[in-house]
Amino acid sequence: MKKYDVVIAGGGAVGAACAYFLSRDTDLKIALIDLKKPGNASRASAGGLWAIGESVGLGCGVIFFKTLSKLHSEAQGKEVPVMRPHQLPDCFFEFALTSNNMYPALHQEMLEKHGVDFKFERTGLKFIMYNEEDRLYAEQITEGIPHLADQVRWLDAEELKKEEPYVTDDAIGAIDFICDHQVNPYRLVDAYLEGARQNGVSLYLNTEVTSVIRNGNVVEGVKTHDQVFFCDTLINASGAWANELYQQATGRTMPVYPVKGQIVLSERMPKIMNGCISTSDCYIAQKDNGEILIGSSTEEKGFDTTNSLDKIQELSQGAMKCLPILKESSIKRCWAGLRPGTPDELPILGPVEGIEGYLNACGHFRTGILTSAITGQLMTELITGKTPSLDLTPFSVARFDEAEQKAG
Amino acid sequence: MTSQIHDQVVIVGGGPAGTAAAAELARHGLKSVIIDEAPKLGGVIYRGPLRQTDSLPHLDDNLKRAMTALQTRYQAHSDSIEVKTQTRVLGPEGSNQLLLSDNSGLSRQPYAHLILATGCHERSVPFPGWQLPGVMLLGGVQLQLKSGLVRPGQRMALVGTGPLLPLVACQLHKAGVDVVGVFEASPFAKLAKEAVALLNKPKLTLSGMSMMSYLKKHKIPFKYGWGIVSAQGDEQLKSIQVAPYDSQWRPQRDLAVKVEVDAIGVGYGFVARTQLAMLLGLEHNYTKVSGYVPALDEWHQSQNHAAFVVGDSNGLLGADAAICEGQLAALRLAWQCGKITESQLFSRATKVKNKLARIKKFRFGFDRFSDRQPGLLTLAAPETVVCRCEQVRREQLDEAIAQGVKDITSLKMRTRIGMGDCQGKTCSSYALDYLHEAGLTENIGVIKPRFPLDPIPFTLME
């Protein structure tokens, strides 16, 4: 039997960040328990820190745009549905941007204090426009975020060519979100874990949480196959699998479910991209070792992590349209990850009414890498009894209970 | 040929196991498709020369006979066997199709029944200088002789363990190579202990003895209990250091000897080629001899999947065993498809199973003799590259393990070992041994293959 102050269930970006921030800022006795299941999102991630891009439905979110864009073109001059960017609410912008601002300092801190480099790169995220429809869409995006005007640059075709010479000549320009960057996602998770380990966190890797120990409305710990862990607080950071743990901890359910994303990776190439790119078809990012990562599909297929030729073709075609030089390269790997989705695309954070000793840190959908840092900080604030630096009300699981009541 | 989707049997790999399975299926009225990456059937072992030639003086009669037998086995049933050569399987596509690639592009191969006979690949053992041109793996050396009909070097040594060493030494010598030494890691005393096991296949044992006397007659030194320490050269291999190995195969470096060579063959064993089986989701278990192998029943059918896995891809037993396994799987499948009765199944299978049992006894003798010892892991210096694709050095593994890495996936994420183009085929067996030697034996996982198993040009996606 083991006794900890905090047990974190899940060692992806979010769980690992919680372990790191808690161990950095407190003297608590902490354990992190993790089993990598097929499709775990942190290892499948592209590693984009696309705070604005994701908030306005680009990057990983282009699928929404595609759907709208398709409706638009199918309408063929008839009653055209108004095509609006898929913009998340203000609370998400604040959440994402606050987290994003933490990375430059965090990168330095990890390098200097722990000797680990998660390859933070200042890249920007450019939305490449091919036609007037794209331009209209870009204008709508910028109109929706007037308070972030200083973070947006407009590039005409010539300026784009200068900055991204390998982008197709068909591009008519781009908007660039200058604060959106990238990291190496597994290095980031690794850095959090290594920092946490150096700070004294007990890591139980390759270990599965099999059940939650609950006494009435108090969560007292968890069991693994051969061990029992008692704790004062259990943090549920189990990604697409979070609902299983939630059910055991609370006897209720919450809407966290796997949203499959397929990714295509090229062979290593010389540096052909200066920044990350989103088009209306896909996102494209060249990683620190030269590989070009193209993502990603959005599919609700349960816990299925297989690759399918149709999606790989779509992504590849979208990428070749933008970067014709890819035709000289090969696809080296494909994989699929399972984003922990929620109906409103917002994460589920914080305590659950009527349950003691339990915190949610899940439902991060497309942005777990980006928002891991702020999540780690918020969980630390909650556990040490401080007022959270952001209002957590919009992220409480209670919003779904309310929605149900209203519906009822 | 008309093949109905609902009974389409697809065999991946046209070596001894795959071809035997196809022939056995044909005997019972089942048609099949064999997919193979090479231009000819036969697998790495019985493929033979890739160009037409009448004289193969360096190949022994046993090998020539076996090659002919395989071709005959196929020819007798060629009406029932469709062969797709120079075709690679990139992975599963959907639930009942494989994605293939050949000169004309990508295609899908539907299947109702699947037999995997994907063989094995060589076990790489990193040591200082192992990346020099001229340092080759033993099977690769043999392929150059058998299929390429080229001499891999002028002055060669062989290092490693097991029966392939004397065989390749004889073949090289017959091909006109100056073989300056053969260094077998295990001591002779250990081989002598296996005399009883080796008598299960008296012909093979005799043939091994005649190879040894051939080497003696031609004054080719064969040293037991010796092995590689390092290789030297600038652009090209110039010499190697070999030394006596202790019982743990740790080289006694103070007794090392320099041997001048322009090429060497290194053969410390093979690893089952299981990437496709893993992508298909078959359960696997770790074995020391063959690495990860699928969990199968007595008919070589997966315990959690309908596919059969036969030949070296389910554990290394060699070509004769592969033929037996291919036949057993085919018989079982014929029975499952209602082509033979249960009594026909058992009467024919019993004979094959008995033969397989004898081969196993013989083979296990050699496995015990060639049992890989931890000293091999000490050959790589801290700065030696252990993963070629990603240029990972041994000291990076040490650092990661010291920092608490306990499984192969975390090791991969931290060091990039196994993340390169070869998908870990070259480095993962070393990485597994390394983790085991560090005391990490439970739940260390596996470097999971990813789709596609071979790179696909982007242009094929247009």
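Share of Cα-Cα pairs in the range B:237-301 beyond 16 Å, in percent? The share of Cα pairs beyond 16 Å in the range B:237-301 comes to 66 percent. Taken over the Cα atoms of chain B, the convex hull encloses 154 Å³ per residue. Using a simple spin-label model with pseudo-atoms 7 Å out from Cα toward Cβ, A:Glu353 and A:Val228 lie 3.3 nm apart.
Cα centroids of the range A:370-403 and the range B:326-373: 61 Å apart.
For B:Ala402 and B:Leu199, what is the calculated FRET efficiency with R₀ set at 51 Å and r taken between the beta-carbons, to the nearest 0.05? With a Förster radius of 51 Å, E is 0.60. Please give me the summed charge of the neighbours of B:Ala38: other residues whose Cβ is under 13 Å from its Cβ, Lys and Arg +1, Asp and Glu -1. Its environment carries a net charge of +2.
With respect to chain B, whose longest principal axis is taken over its alpha-carbon atoms, helix B:428-437 is tilted by about 60°. Every pair of different Cα atoms in the protein assembly as shown enters the Kirkwood calculation, which places the hydrodynamic radius at 29.8 Å.
Projecting label points 7 angstrom from Cα along Cα→Cβ for B:Asp297 and B:Glu82 puts them 2.9 nm apart.
Distant-in-sequence amide contacts of A:Tyr4, defined by a placed amide H-H separation under 5 Å and a gap of 5 or more residues or a different chain, comprise A:Phe230, A:Cys231, A:Asp232. Mean residue ellipticity at 222 nm, helices only, chain A: -10500 deg cm²/dmol; runs of at least 4 DSSP H residues each add -39,500 (n - 2.57), and the sum is divided by the number of residues. Note on the range B:327-462: the C-alpha convex hull projects to 13.5 nm² when averaged across all orientations. Please work out how much accessible surface B:Val10 shows to a 1.4 Å probe, ignoring ligands, DNA and RNA, in Å² rounded to 10. Solvent-accessible area, nearest 10 Å²: 0 Å².
Heavy-atom accessible area for B:Val229, with the other protein chains in place and a 1.4 Å probe, reaches approximately 10 Å². Residues whose amide H comes within less than 5 Å of that of B:Leu90, counting only those at least five positions distant or on another chain, are B:Leu99, B:Leu100, B:Ser101 (H built at 1.01 Å from N in the peptide plane). For the range A:110-181, the fraction of C-alpha pairs farther apart than 19 angstrom is 44 percent. Residues A:Arg339, A:Arg399, A:Arg268, ordered by accessible area of protein heavy atoms at a 1.4 angstrom probe radius and largest first, appear as A:Arg268, A:Arg399, A:Arg339. In order along the range B:11-22, the phi-based Karplus estimate (6.51 cos²θ - 1.76 cosθ + 1.60, θ = phi - 60°) of 3J(HN,Hα) comes to 10, 9, x, x, x, x, 5, x, 5, 4, 5, 4 Hz; Gly and Pro are listed as x.
Where only DSSP H runs of four or more residues are counted, chain B gives -10000 deg cm²/dmol as its mean residue ellipticity at 222 nm, each run worth -39500 (n - 2.57).
At a threshold of 30 Å², the residues of the range B:431-462 that become less accessible to a 1.4 Å probe in the full protein assembly than in their chain on its own are B:Asn443, B:Arg450, B:Phe451, B:Pro452, B:Pro455, B:Ile456, B:Phe458, B:Thr459, B:Met461, B:Glu462.
For the listed residue pairs B:Lys190/B:Lys216; B:Lys201/B:Lys351; A:Lys113/A:Lys223; A:Lys29/A:Lys119; A:Lys223/B:Lys406, the alpha carbons are over 25 angstrom apart in A:Lys113/A:Lys223; A:Lys29/A:Lys119. Averaging the sequence gap over all C-alpha pairs within less than 8 Å and six or more residues apart, then dividing by the number of residues, gives chain A a relative contact order of 25 percent. For the chain pair A and B, buried accessible area totals roughly 3100 Å², probe 1.4 Å, rounded to the nearest 100. Which FRET efficiency value, to the nearest 0.05, is calculated for B:Lys219 and B:Lys64 with the Förster distance at 30 angstrom and r the Cβ-Cβ distance? Efficiency computed from Cβ-Cβ geometry: 0.70.
Taking Cβ atoms as reference points and 9 Å as the exclusive limit, the residues near B:Ser410 contribute a net charge of +2, counting Lys and Arg as +1 and Asp and Glu as -1. Of B:Cys324, B:Cys422, the order by accessible heavy-atom surface (1.4 Å probe, DNA, RNA and ligands excluded), from most exposed downward, is B:Cys422, B:Cys324. Of the residues B:Ser213, B:Gln154, B:Val180, the one whose Cα sits farthest toward the positive end of the charge dipole of the range B:143-222, with +1 on the Cβ of Lys and Arg and -1 on the Cβ of Asp and Glu, is B:Ser213. The modelled label-to-label distance between B:Leu460 and A:Asn289, using points 7 Å beyond Cα along the C-beta direction, is 2.2 nm.
Roughly speaking, what % of Cα-Cα pairs in the range B:380-437 are separated by over 17 Å, rounded to a whole number? For the range B:380-437, the share of Cα pairs beyond 17 Å comes to 23 percent. Surface exposure of the range B:342-436, expressed per residue as accessible area with a 1.4 Å probe, stands at 40 Å². The charge dipole of chain A, taken about its Cα centre with unit charges on the Cβ of Lys, Arg, Asp and Glu (plus for the first two, minus for the last two), comes to roughly 1120 debye. Contact order, relative form, for the range B:124-268: 35 percent (alpha carbon pairs under 8 Å, 6 or more residues apart, mean separation divided by residue count).
Expressed as a whole percent, the accessible area of chain B that falls on carbon and sulfur atoms is 51 (1.4 Å probe). Placing unit charges on each Cβ (+1 for Lys and Arg, -1 for Asp and Glu) gives the protein assembly as shown a dipole about its Cα centre, and among A:Leu370, A:Ser308, B:Ile45 the Cα reaching farthest toward its positive end belongs to B:Ile45.
The Rg/Rh ratio of the range B:124-268, with Rg taken over Cα atoms and Rh as the Kirkwood radius over Cα pairs, comes to 0.96. Multiplying the residue separation of B:Asn96 and B:Lys353 by 0.36 nm and subtracting their alpha-carbon distance yields 89.5 nm. At an R0 of 41 angstrom, the distance between the Cβ atoms of B:Arg108 and A:Leu136 translates into a FRET efficiency of 0.55.
Considering the range A:169-301 at the alpha-carbon level, its Rg and Dmax are found to be 20.6, 65 Å. Given +1 at the Cβ of Lys and Arg, -1 at the Cβ of Asp and Glu and no other charges, the dipole of the range B:124-268 around its Cα centre is 560 debye to the nearest 20.
Here the range A:104-180 and the range B:89-167 have alpha carbon centers that stand 45 Å from each other. Note on chain A: along the principal axes its Cα atoms extend 64, 53, 41 Å, ordered by decreasing extent. With contacts defined as alpha carbon pairs under 8 Å and 6 or more residues apart, what's the relative contact order of the range B:78-209 in percent? About 13 percent, as a whole number. For B:Asp246, the amide hydrogen comes within under 5 Å of the amide hydrogens of B:Gln252, counting only partners 5 or more places away or on other chains and with H modelled in the peptide plane. Loop-located trypsin sites (Lys or Arg not before Pro) in the range B:175-213 (DSSP state other than H, G, I, E, B) with a sparse environment of at most 15 neighbouring Cβ atoms within 10 Å: B:Lys193. Loop-located trypsin sites (Lys or Arg not before Pro) across the range B:343-424 with a Cβ neighbour count of 16 or fewer within 10 Å are B:Arg388, with loop assigned by DSSP. Charge dipole of the range A:133-266 (Cα centre as origin; +1 on each Lys and Arg Cβ, -1 on each Asp and Glu Cβ, all else neutral): 1000 debye, rounded to the nearest 20.
The values are calculated or read from the model by the stated rules, or taken from the named source; none is laboratory data. In this text the structure is predicted, and so the values were computed from the model without any measurement. Backbone-built Cβ (ideal geometry, glycine too); neighbour counts: all protein chains shown. Side chains are part of the model used for accessible areas, which takes the heavy atoms of the whole protein and leaves out ligands, DNA and RNA. Shrake-Rupley method; radii C 1.70, N 1.55, O 1.52, S 1.80 Å.
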